[in-house]
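J.: The structure under discussion is supplied below as structure tokens; questions concerning it will follow.
The values are calculated or read from the model by the stated rules, or taken from the named source; none is laboratory data. Keep in mind that what you see is a predicted model, and the values were worked out from it rather than measured. Using ideal geometry, Cβ is built from the backbone for each residue, glycine included, and neighbour counts are taken over all protein chains shown.
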2 protein chains.
Amino acid sequence: MAILSGLRITECAAFIAGPFATMSLAALGADVIRIDPLEGGLDYHRWPVTEFGRSLYWAGLNKGKKSVSIDLRLQEGRELAQAIITAPGEDAGVFITNFPATGWLDYEKLKQMRGDLIMANILGNRDGSTALDYTVNCAVGFPAVTGAPGAGAPAAGGPGETAPVNHVLPAWDLLCGMTAATGLLAAERHRRRHGAGQLLKIALSDIALAVVGDLGFIAEVQINGEARARHGNHIFGAFGHDFETADGRRVMVAAVSLGQWKALCTATGIGEAVMIMEQSTGLDLTHEGDRFAAREAILRMLTPWFAGRTVAQAAASLDGAKACWGLYQSFSQLVHEDPRCSPASALFAEVDHPTIGTTLTPRSPIDFAACEPVPPGAGPVLGQHTDEVLLDVLKLTSVQVAALHDKRIVAGMER
Amino acid sequence: MAILSGLRITECAAFIAGPFATMSLAALGADVIRIDPLEGGLDYHRWPVTEFGRSLYWAGLNKGKKSVSIDLRLQEGRELAQAIITAPGEDAGVFITNFPATGWLDYEKLKQMRGDLIMANILGNRDGSTALDYTVNCAVGFPAVTGAPGAGAPAAGGPGETAPVNHVLPAWDLLCGMTAATGLLAAERHRRRHGAGQLLKIALSDIALAVVGDLGFIAEVQINGEARARHGNHIFGAFGHDFETADGRRVMVAAVSLGQWKALCTATGIGEAVMIMEQSTGLDLTHEGDRFAAREAILRMLTPWFAGRTVAQAAASLDGAKACWGLYQSFSQLVHEDPRCSPASALFAEVDHPTIGTTLTPRSPIDFAACEPVPPGAGPVLGQHTDEVLLDVLKLTSVQVAALHDKRIVAGMER
């Protein structure tokens, strides 16, 4: 049995946060039903796509789910979707959407059909206005401190020092989705103990704002009266940087804890140079803040060491001393060269998708020792499970299902 | 009552992932006990710090928790910590650590004290080797595609085109922490239904590897035979970019969905120019992929529009058409100018911390309509709750607690 076996969640969502929340719960064994319009949702063609226009993104973020296609412009289609969302069963009645919770998705209306419904509504901003990862990230300060001082985006025509560098990883979307997953399980726990369902609201911008507070960026402005500067690839408040090796590769080296710092000194033999520097500067590099103050000097000490060694040679010394480091890899290098990203890792299996092909597909990154893992599944084909859900969840007869197809209220698997 | 009222979680952890997991659950009402060595854990002095050396980071990531100080080098101290971790109660017996689960933290040993213990162990890599956010991020491809083509870190001496740009937001740590929170609630649900606790393992690098798969980056390499290029601040596969305004500010504009694209055209009046471009190129910009193909041309159309308007003027048009955009802000601007980051938002309150001062502090970004929110609390002072936990959780007498202090096995609030 998987850890969430039996729990049923319905989803009307698009893009990342909502779909990632339920994908993550499906990977723990939840029975997730994603409802989409007949032509697919807003994210159905989101890039990257195959040469035949199939979205690799959609396949990835919906894997392990059941796909149901309903004409949601029609009243009868909306009622079908509402019936799936509010179907009975103590393990059912959990719903997530990032669409406006109005009209047929209004919580009070849905609650009339199932009094203990748990519904999570992901918003852009708390006031209901739109926001995306990109328009949230720009507001919370990180693009202004990403990249080397003087770097930035020359194409935008601004001064290099202040040009923003956006992140490529949609970090806020992902964190929002996983926060919603946590919220749904918390609400389900509450319902099981006290009987009551409820509406959850989670705004994407609040996710980012809360993190800026949690990590001390707000306090840095309020208490210290200064905001973080742009430090390139240096790790703030400790020592860490990238280095180029003799064979043209790059490694990231981190000495955040004292143990990591001692290991780095041992591996690279800079101990004596560090001691001399400490004597001349009065710094004590066993303190992380002093390592940050001396970061440029440490960089200069270590650069020739890496430049004179291949990655393999550097790795032998670093691993021997248990220093903390990582190799920079492109996406291609990651896929082709890193055993952690291969079927050799229990995280992955090669999974075949009928319209895409075979790809290395992850299961949940959480191992539960006393429960069975859910093998990674392919993303569904749009409408693949329409009939199954109508028959099993709504208990319609096959004659009724056929009539819905005839009236083009629902659709089965796209051909 | 808060949504997780009653649930007790013990933490022996440091840095971000573990502390963020329990901070997030404490913000939902869980009773979280963080156990640290007498001098504080590895992260006790992590930057940013105040002028008096108090860690704003530690305060942020431990808010809402109880802090217990125990000399964990001593056998008697370790037994006390084990007793707290495995204390009875159906809502207790949940434990998280990012330390090696060996010695006194060995799961099998702890299980002998409480058979249904739930324990989450956060690892660097699946094989138990060390990894940090920085050394994971470099390996999974994002630094190679972040920043404008030709940007990168000149200090590292490499060719600009390939120099990596690290992220500043520790996105993998945060996502790992929230994944652990989801995992703990899933395991607690399972225990409540089936009686069994278990060991969870979550590797930081697996979090990143799984996301690279979920978002289609692995499939892009395997199916399309190509890896993502560096696209600066362009949104891949749609249209989005930053623009400078007449008053020297910058905005991020996104047109991912068709609705957002139409709104952007309406707001900026580029509809006719787009039509002419479509006729001459054969592109159809209602398709997101064609918008990406035409991104540089769209950029050129929009740049003068923004350059000729102040942010306020641009905002009026963009908001009027319901276009999706955001303002770039530094951390200072965020704190001083954005009402979303102020006590005007229900997300925040001004909270006083005895050794730091008053800071704008977030509560949980999840609103549960049927449960009371947990007001944002200050981070604890190290050892603030040692006696309370010994008395309430371990049911020691005040004489016994005093003896532990006398033997310097525990410590109270740091002065």
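J.: Considering only segment A:31-71, state which residues are touching a helix residue (DSSP H, G or I) at 6+ places or on another chain (Cβ under 8 Å), more than 9 Å from every other protein chain (Cβ to nearest Cβ) and either among the hydrophobic types (A, V, I, L, M, F, W, C) or more than 23 Å from residue A:409 (Cβ to Cβ) (or both).
T.: Hits for segment A:31-71 are A:32, A:33, A:35, A:64, A:68, A:70.
J.: Sticking with this structure for a sec: List every residue pair whose Cβ atoms lie under 8 Å apart, where the two residues are 6 or more positions apart in sequence or sit on different chains, the first residue falls within segment A:368-388 and is within 30 Å of residue A:406 (Cβ to Cβ), and the second residue, located anywhere, is part of a loop (DSSP other than H, G, I, E, B) and among the aromatic types (Phe, Trp, Tyr).
T.: Pairs found: A:382/A:44.
J.: Right, next: Given the structure, is residue A:317 closer than 30 Å to residue A:363 by Cβ and not basic (Lys, Arg)? Walk me through it before giving the result.
T.: Details: closer than 30 Å to residue A:363 by Cβ: no; not basic (Lys, Arg): yes.
Against the criterion (closer than 30 Å to residue A:363 by Cβ and not basic (Lys, Arg)), residue A:317 does not qualify.
J.: I would also like to ask the following. For segment A:71-94, indicate whether the set of residues that are more than 30 Å from residue A:3 (Cβ to Cβ) and polar (S, T, N, Q) is non-empty.
T.: Yes, there is a match, as at least one residue in segment A:71-94 is more than 30 Å from residue A:3 (Cβ to Cβ) and polar (S, T, N, Q).
J.: Name every residue in segment B:320-345 that is touching a residue at least 12 places away in the same chain (Cβ under 8 Å), within 19 Å of residue A:127 (Cβ to Cβ) and outside any strand (DSSP E or B), in order of residue number. Show your work before the answer.
T.: Pass one, segment B:320-345, residues touching a residue at least 12 places away in the same chain (Cβ under 8 Å): B:320-328, B:335, B:341-343.
Next cut, within 19 Å of residue A:127 (Cβ to Cβ) only: B:320-327, B:341-343.
Within segment B:320-345, B:320, B:321, B:322, B:323, B:341, B:342, B:343 meet the criteria.
J.: I need the full set of residues from segment A:110-120 which are in contact (Cβ under 8 Å) with a residue 12 or more places away in the chain and part of a helix (DSSP H, G or I), in order please.
T.: First, pick out the residues of segment A:110-120 that are in contact (Cβ under 8 Å) with a residue 12 or more places away in the chain: A:110-111, A:113-120.
Listed by number, the residues that qualify are A:110, A:111, A:113.
J.: Across segment A:274-291, which residue is surrounded by the most Cβ atoms within 10 Å (Cβ to Cβ) among those that are of a type in the set (A, V, I, L, M) and under 21 Å from residue A:235 (Cα atoms)?
T.: Going through the qualifying residues, I end up with A:285.
J.: Residues in segment A:87-129 that are among the polar types (S, T, N, Q), surrounded by 15 or more Cβ atoms within 10 Å (Cβ to Cβ) and farther than 21 Å from residue A:37 by Cα: how many? Can you show your working first?
T.: Here is the first cut: in segment A:87-129, the ones among the polar types (S, T, N, Q) are A:97-98, A:102, A:112, A:121, A:125, A:129.
Imposing the further condition that a residue be surrounded by 15 or more Cβ atoms within 10 Å (Cβ to Cβ) reduces the set to A:97-98, A:121, A:125.
This time we only want the ones that are farther than 21 Å from residue A:37 by Cα, so: A:125.
Residues meeting the conditions: 1.
J.: Does residue A:317 fit the bill of being under 30 Å from residue A:264 (Cα atoms), out of contact with any strand residue (DSSP E or B) (no Cβ under 6 Å at 6 or more places or on another chain) and either not polar (S, T, N, Q) or not in a loop (DSSP other than H, G, I, E, B) (or both)? Talk me through it step by step, then tell me what you get.
T.: Values: under 30 Å from residue A:264 (Cα atoms): yes; out of contact with any strand residue (DSSP E or B) (no Cβ under 6 Å at 6 or more places or on another chain): yes; either not polar (S, T, N, Q) or not in a loop (DSSP other than H, G, I, E, B) (or both): yes.
Yes: the conditions hold for residue A:317.
J.: OK, next. Anything in segment A:292-314 that is surrounded by fewer than 18 Cβ atoms within 10 Å (Cβ to Cβ) and either outside any helix (DSSP H, G or I) or under 30 Å from the mean Cα position of the chain (by Cα) (or both)? List them, or say none.
T.: A:308, A:310
J.: Among the strands (runs of 3 or more DSSP E) contained in segment A:1-84, which hold 2 or more residues that are buried (at least 22 other Cβ atoms within 10 Å of the Cβ) and charged (D, E, K, R)?
T.: Passing ranges, in order: A:31-36.
J.: Further question on the same structure: Among the residues that make up segment B:386-394, is at least one of them at pLDDT 95 or above, over 25 Å from residue A:212 (Cα atoms), among the hydroxyl-bearing types (Ser, Thr, Tyr) and buried (at least 22 other Cβ atoms within 10 Å of the Cβ)? Reasoning before the result, please.
T.: Going through segment B:386-394, the residues at pLDDT 95 or above turn out to be B:386-394.
From the residues that got through so far, the ones that are over 25 Å from residue A:212 (Cα atoms) too are B:386-394.
Within this subset, residues satisfying the condition of being among the hydroxyl-bearing types (Ser, Thr, Tyr) are B:386.
The next check asks that each one be buried (at least 22 other Cβ atoms within 10 Å of the Cβ); those that pass are B:386.
Yes - at least one qualifying residue is present in segment B:386-394.
J.: Find the residue count for segment B:173-191, including only residues that are in contact with an Asp or Glu (Cβ under 8 Å, 6 or more places away or on another chain), over 29 Å from residue A:48 (Cα atoms) and more than 7 Å from chain A (Cβ to nearest Cβ).
T.: Within segment B:173-191, the subset in contact with an Asp or Glu (Cβ under 8 Å, 6 or more places away or on another chain) is B:173, B:189, B:191.
Restricting the remaining residues to those that are over 29 Å from residue A:48 (Cα atoms) gives B:189, B:191.
Then keep just the ones that are more than 7 Å from chain A (Cβ to nearest Cβ); that gives B:191.
Selection size over segment B:173-191: 1.
J.: If you take the residues of segment A:313-361 that are charged (D, E, K, R) and more than 8 Å from chain B (Cβ to nearest Cβ), which of them is farthest from residue B:140 (Cα to Cα)? Full working, then the answer.
T.: Here is the first cut: in segment A:313-361, the residues charged (D, E, K, R) are A:319, A:322, A:337-338, A:340, A:350, A:352.
Next, only the ones that are more than 8 Å from chain B (Cβ to nearest Cβ) stay: A:319, A:337, A:350, A:352.
Values: A:319: 20, A:337: 11, A:350: 19, A:352: 23 Å.
Only one residue tops the list, namely A:352.
J.: Additional query: Are any residues in segment A:194-231 in a loop (DSSP other than H, G, I, E, B), at the interface with chain B (Cβ under 7 Å from one of its Cβ atoms), surrounded by fewer than 24 Cβ atoms within 10 Å (Cβ to Cβ) and of a type outside the set (A, V, I, L, M, F, W, C), and if so, which ones?
T.: Across segment A:194-231, the qualifying residues are A:224, A:228.
J.: Search segment A:124-135 for residues that are acidic (Asp, Glu) and pair each with any residue that is not in a loop (DSSP other than H, G, I, E, B) when their beta-carbon atoms are under 6 Å apart and the residues are at least 6 apart or on different chains.
T.: These pairs meet every condition: A:133/A:172; A:133/A:173.
J.: Taking segment A:232-242 as the search range and keeping residues that are at the interface with chain B (Cβ under 7 Å from one of its Cβ atoms) and part of a strand (DSSP E or B), which one is nearest to residue A:274 (Cα to Cα)?
T.: Result: A:240.
J.: Now, a different point. Might you let me know whether segment B:151-165 holds any residue that is more than 8 Å from every other protein chain (Cβ to nearest Cβ) and at pLDDT 95 or above?
T.: For segment B:151-165, residues more than 8 Å from every other protein chain (Cβ to nearest Cβ) and at pLDDT 95 or above: absent.
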